[in-house]
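Let me give you the structure first, and then I'll get to my questions.
The values are calculated or read from the model by the stated rules, or taken from the named source; none is laboratory data. Since the model is a prediction, treat every value here as computed from it, not as a measurement. Quick reminder, even Gly has a Cβ in these numbers, built from the backbone with ideal geometry, and neighbours come from all protein chains shown. Heads up: the accessible areas ignore ligands, DNA and RNA and are worked out on the full protein's heavy atoms, side chains in. Shrake-Rupley method; radii C 1.70, N 1.55, O 1.52, S 1.80 Å.
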Amino acid sequence: MDLTSETTGIREELLRRFKESGERERMQDILRNKLDASGWQDRVKDRCQRVIHENTDSIDKLTVDDIAESVTPYARSSVPEDIKAEVLEEIRKFIYRSLPEAGN
């Protein structure tokens, strides 16, 4: 087995364990709660409302996809760094717990 297919297999197995163990849902809950506590959700909601108000002349043509496309870059870039770091650290811990021991 070459390194690429081995890496892909390990990644797929980790993702399967991440989902089946409930860790994915736990991470989503942590992220959602932290984003809410930081005011991030309110800022993104405000940005969505601004996009809608800026497009009142074509409101009948504005779709949810249009709003999401407009707001997504802002939403991603405005996630507080401490929240990103904490969630990434939790994911790293899960990966280290899930990887087989070296040499096994």
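Does the stretch 63-77 hold any residues that are surrounded by 14 or more Cβ atoms within 10 Å (Cβ to Cβ) and either in contact with a Cys (Cβ under 8 Å, 6 or more places away or on another chain) or among the polar types (S, T, N, Q) (or both), and which are they?
Scanning the stretch 63-77 gives Ile67, Ser70, Val71.
So, in the stretch 32-48, how many residues would count as being free of Cβ contacts under 8 Å to residues at least 12 places away in the same chain and either over 23 Å from Ile83 (Cβ atoms) or among the hydrophobic types (A, V, I, L, M, F, W, C) (or both)?
Residues in the stretch 32-48 being free of Cβ contacts under 8 Å to residues at least 12 places away in the same chain and either over 23 Å from Ile83 (Cβ atoms) or among the hydrophobic types (A, V, I, L, M, F, W, C) (or both): 1 in total.
Next question, about the same structure. Quick one: which of Arg11, Arg50 is open to solvent by 90 Å² or more (accessible area, probe 1.4 Å) and closer than 22 Å to Leu99 by Cβ?
Arg11
Here is a further query. Which condition number does Asp60 fail, the rest of (1) part of a helix (DSSP H, G or I); (2) surrounded by fewer than 12 Cβ atoms within 10 Å (Cβ to Cβ) being met?
Single failed check for Asp60: (1).
Let me ask something else about it. Out of curiosity, is Arg76 touching a residue at least 60 places away in the same chain (Cβ under 8 Å) and assigned to a helix (DSSP H, G or I)?
No: the conditions fail for Arg76.
Further, regarding this structure: Do we find a residue being polar (S, T, N, Q) and either closer than 24 Å to Glu6 by Cα or at pLDDT below 95 (or both) anywhere in the stretch 73-90?
No, the stretch 73-90 contains no residue that is polar (S, T, N, Q) and either closer than 24 Å to Glu6 by Cα or at pLDDT below 95 (or both).
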